[in-house]
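Asks: Take a look at the following structure, please.
Quick note: the coordinates plus some simple rules give every number you see, no bench work behind them. A quick note: this is a predicted structure, and the numbers were derived from the prediction, not measured. When we count neighbours, we look across all protein chains shown, and the Cβ atoms used for this are built from the backbone with ideal geometry, even at glycine.
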Amino acid sequence: MRRSSPKLGTVVPWRTTGRRLRLAGLAGLLALTAAGVEPSAPARDPLADIELLVVNRTGHGIIQLYISASSSDQWGDDRLAGETLAPGKSFRARLTRPPECRFDVQVIYDDATREESHGVDVCRNRQIAFDGSTAMIPPDVFTRQRQVMLVNRSGRPIQQVFVSPSAADQWGDDRLGEASISVGDSRSVGYRGPCTADLRVVFDNRSAEERRGLDVCATPSLVIEPGWTTADTPPVPAATPPPHAGRMAIDIINRSGRAVQQLYLFPEGGADQGRDLLGGTALPAGTRATVNLPRGDGCLYSAHVVPGGGAPDWNMTGIDLCHATVIELSPA
């Protein structure tokens, strides 16, 4: 018996329709192959999401991550949303329906330095790694307003307070003005600059005491206790110890343009470089750190510097630590 065609308006079952479509497509493919025509690959969906893998290859945690199209002048929201990307870990950032391939990426580390990569082609490269070699201190760190709380437990009133960046040559203005800090009282003083600062307090008997290299961000409240200079007559400074006695604090400033992974300081001509003074913690470009170094028998020292990012090591010689307490690291 002859089968009749479906009536107009009758719904054909999906399975039957799909099978017929697949058979028709297969027949078309066979016809193209027989004619020597290569079928074209299916077009990539331009509206599909893209995932970019961000890898942390530094010794610091990444606390903020920003990704935006290179044509945009805004970074947008923090992709980590309060989480920390630990050293050696990675994070998948989803870029929803990107209208273009070129993106800029910025990471901010737990030491306030930041690193950026511009023009990343996320259509061709789905991974980007940060090694800290171009990390920089943001400019506003040097002008940011901070508050330092001073608690006077010294036994004498404090009449003047000076706070200045450790790299500054001058103390600047008295932070107390006409005020003073009585024994047992406290007062907050304003300070504009980076976290590492020097402090000088002057007591009512005109004696004074200083503290160098304080981290006023990590310790914003400073207690001045007995042990600071409080005698009616300032003590006579002790004789300067010979160069080989005790330890010395050296400020290291990284001017190399890339992170420094290891640093060795040793008496010039010595065969033993000693231990890594950075202790396994990288020193980002443009930042500074204070290290304690045992005094040798002479004044001249050499430095061996190991940078990050696969850059070659370099040496510095003729460093006179009897007359300088700051070393600027630079391969030049």
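Asks: Starting from the Cα of SER182, step 7 Å along the direction of its Cβ; do the same at PHE91; then give the gap between the two resulting points in nm.
Replies: In this crude label model, SER182 to PHE91 measures out at 5.0 nm.
Asks: To the nearest 0.05, how large is the calculated FRET efficiency for SER221 and LEU293 if R₀ is 22 Å and r is the Cβ-Cβ distance?
Replies: My answer for the efficiency is 0.15.
Asks: Assuming 0.36 nm per residue, please report the length gained on full extension of the stretch ASN205 to ASP73 beyond their Cα-Cα distance.
Replies: Working: separation 132, 0.36 × 132 = 47.52 nm, distance 5.63 nm.
Full-extension gain reported as 41.9 nm.
Asks: Over segment 247-329, what is the relative contact order in percent, taking alpha-carbon pairs closer than 8 angstrom and at least six residues apart?
Replies: Contact order relative to length: 40 percent.
Asks: Quick one: give the max-minus-min coordinate of the C-alpha atoms of segment 247-329 along each principal axis, largest first, in Å.
Replies: On the principal axes, segment 247-329 reaches 35, 23, 20 Å in Cα extent.
Asks: Could you work out how far apart the two model spin labels at THR281 and GLN106 are, taking each label as a point 7 Å from the Cα in the direction of the beta carbon, and quote it in nm?
Replies: 2.5
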